[in-house]
Amino acid sequence: MNYSLKAFLTITPYPTLKQYFKGNHLPDYQWPKEPDIESLAEVILRCPDAKKIGYDFRTIHQWANERGIDMLIEEARSPIHNGLEIGEELGRLENDHDRAMAVFLKYPEVLRWAMEIQRLEYLKGKKHHYVGTGLDCDGDDEEIRKRLGEIIATYYKRQGKGKHCEVFYYKQHNPVRHYFFAYPEDNVKGYLAYDEKGKIGRQAYQPAFEVIFEYNENDGDLAVHVKGKLAQTRMLTEFCKTVLGFKELPNTETEVFDLHCLKDPEYHFKKDASMPVDSITLKMVILELPGGANRKVTLEAGPYKGDHRQVEAMIAQTMKAHGVKPEETYVRKAKIEIKFKTINLNKIGQITFIVGDPQYSTLADDEKSEMAKKYLKIWGMVRKHKPKGKKDAS
């Protein structure tokens, strides 16, 4: 359901709304015994804090659904919140808007961290590396965080940045993920602003930028978010040595895509009952042919008259036309479309993505992308190398 102010005021229990506004925003509003949604909406839209209220309500509305409440309950169990158990408390409330508002008012840090983790899931520019499962990752050790911050600061000082760098740690339990948020100091920046006398002038400020490390203890994936290829390699190396205890950078070329199965004319995409789909369609492949001179053929088609195997047929026709055997060709990239079925009124929708050798992927970390990644493993299109780096036994 899309957000609208009146709908939000209607669905959120009246006592809960009064609790939100208690002592804030609407000091002169006379609350009637029964809710008057029209008058309340008009007062909110006219008040000086209208934008702030609108932002709060949109945020609450975003989490006011079954999945959102489950995520908040799980987030509250994190050690950073001292293992709060709020499920039973929220279960006694009237509806999901009541529950989301309760978290907003009573447990703001739970909501803030849930929003931060959700932001990370959609964050672009992350590169994934396989470093091994179950590694020691003690982010609670202040000395480790301090040392990591000093190393990052030193790296950026040659660019006139990094005078200061604080590192914060957060641990998620389902799945077990360790997050390290580093904030190196950026170059001084300026902006135009009015002073107290109403005169415009240039103001200076000292911003910080983000370097984020995310280690998944369950599947061994280390995601590093930082701008620049050189910085990516350096940050990966330093994190593996400083936090994970490696003597040297491990071989992280692990999650690689292997698309050779698509050359088999008898190959069909398997379906998993836990992730029901309406259809799975191979929409494009880039096929490399033998003979040198970078010979590539791009084959692309959509379903035709209910037939979702157009591209598969074109692969066989192309190999026959060029007189080559399947083992002489190589599938460099593939575009796949998955249309998911609606589950318990939860409309997941569809996803179209591209994967390629060795680690090219347009998938993100959202729900549909995670389901697509699981399907890639089910189809045998993902294989892993074991890291070669050894941890310091001392």
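Comparing 117, 16, 76 along the charge dipole axis of segment 1-129, the residue lying farthest to the positive side is 117, per the Cβ-charge model.
Remark: the chain carries a charge dipole of roughly 1560 debye about the Cα centre, counting +1 on each Lys and Arg Cβ and -1 on each Asp and Glu Cβ. Given an 8 Å cut-off on Cα distances and at least 6 residues of separation, report the relative contact order of segment 5-120 as a percent. Once normalised by length, the contact order is 28 percent.
Give me the extension gain from residue 270 to residue 147: residue separation times 0.36 nm, minus the current Cα-Cα distance, reported in nm with one decimal.
39.6 nm
Here's the picture: charge each Lys and Arg Cβ at +1 and each Asp and Glu Cβ at -1 in segment 184-282, and of 191, 230, 201 the one pushed furthest to the positive end of that dipole is 201. For residue 209, the residues 5 or more places off, or on other chains, whose built amide H falls under 5 Å of its own are 186. Counting only C-alpha contacts under 8 Å and six or more residues apart, can you give the relative contact order of the chain as a whole percent? Once divided by the residue count of the chain, the mean separation gives 13 percent. Rounded to the nearest 500, the helix-only mean residue ellipticity at 222 nm of the chain stands at -10500 deg cm²/dmol, with each DSSP H run of n ≥ 4 adding -39,500 (n - 2.57). Distances between placed amide hydrogens fall under 5 Å for residue 382 paired with 258, all partners being 5 or more residues away or on another chain. Across segment 194-253, C-alpha contacts under 8 Å between residues 6 or more apart give a mean separation that, scaled by the residue count, equals a relative contact order of 17 percent.
Charged side chains reduced to their Cβ positions (Lys and Arg at +1, Asp and Glu at -1) give segment 257-383 a dipole of some 140 debye around its Cα centre. Among the listed pairs 247/373; 305/341; 247/377; 229/368; 341/373; 51/161, those whose Cα-Cα separation exceeds 24 Å are 247/373; 247/377; 229/368; 51/161. Taking other C-beta atoms within 10 angstrom as a stand-in for reagent exposure, 315, 280 fall in the order 280, 315, fewest first. Derived value for segment 5-120: Kirkwood hydrodynamic radius 14.9 Å. Basis is the mean of 1/r over every pair of different alpha-carbon atoms.
Within straight-line reach of residue 157, meaning a Cα separation under 18 Å, sit the following aspartates and glutamates at least 8 residues removed in sequence or on another chain: 166, 185, 186, 210, 238. With Cα atoms as the point set, the chain shows a radius of gyration and Dmax of 26.2, 83 Å.
Dipole size in debye (nearest 20) for segment 79-207 around its Cα centre, Lys and Arg Cβ +1, Asp and Glu Cβ -1? Could the numbers behind the result be given before it?
Details: 21 positive and 21 negative charges, 212 e Å.
With Lys and Arg at +1 and Asp and Glu at -1, about 1020 debye.
Computed from the coordinates by the stated procedures, all read-outs in this text should not be read as laboratory data. Every value quoted in this text rests on a predicted model; they were computed, and no experiment measured them. Cβ: placed from backbone, ideal geometry, glycine included. Neighbour counts: every protein chain shown.
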